[in-house]
Amino acid sequence: MKLDRDAWNLKHLHAHLQYAVSLELWTIPFYMSALFSIRDRSSPAFQLIQSIVNQICAGLSAATTWFSVRVSDCSFRETVIAALPD
């Protein structure tokens, strides 16, 4: 569903951040299973999958941080989401 810029609001932002968090949490077990199935921890496959897991965790951290920010905080509201209607 495509929304016009004027149609975006805080509910849409929170919904999208929740989807991002859910997706990140859903993918971690698959990558971790693949990671733990590799015996040689110095292999390129292990290093690559470990890098992906680290990136997923960083994305999860960013999404949860944005999701948990108090939107009632005036400084945050004015600087970051001033363009979003309530």
| field | Qualifying residue in segment 6-19 (condition: loosely packed, with under 13 Cβ neighbours inside 10 Å, of a type in the set (D, E) and outside any helix (DSSP H, G or I)) | value | no
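Filter segment 31-47 for residues that are surrounded by 11 or more Cβ atoms within 10 Å (Cβ to Cβ) and in a helix (DSSP H, G or I) and give the result.
Y31, M32, A34, L35, A45, F46, Q47
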| task | Could you please tell me which pairs satisfy a Cβ distance under 8 Å, a separation of 6+ or placement on different chains, a first residue in segment 47-64 that is more than 11 Å from T27 (Cβ to Cβ), and a second residue that is acidic (D, E) and in a helix (DSSP H, G or I)? | result | A63/E24
| request: Could you grab the pairs with beta carbons closer than 7 Å, sequence gap of 6+ or different chains, first residue in segment 18-32 and within 13 Å of A58 (Cα to Cα), second one of a type outside the set (A, V, I, L, M, F, W, C) and at pLDDT below 85? | output: V21/T64
| message | Could you go through segment 16-31 and let me know if any residue there is of a type outside the set (G, A, S) and modelled with pLDDT under 80. | response | no
| query | Looking at this structure, is F67 free of Cβ contacts under 8 Å to residues at least 40 places away in the same chain and either in a helix (DSSP H, G or I) or exposed (fewer than 14 other Cβ atoms within 10 Å of the Cβ) (or both)? | reply | no
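The values are calculated or read from the model by the stated rules, or taken from the named source; none is laboratory data. Remember, predicted model here, so these are calculated numbers, not experimental data. Backbone-built Cβ (ideal geometry, glycine too); neighbour counts: all protein chains shown.
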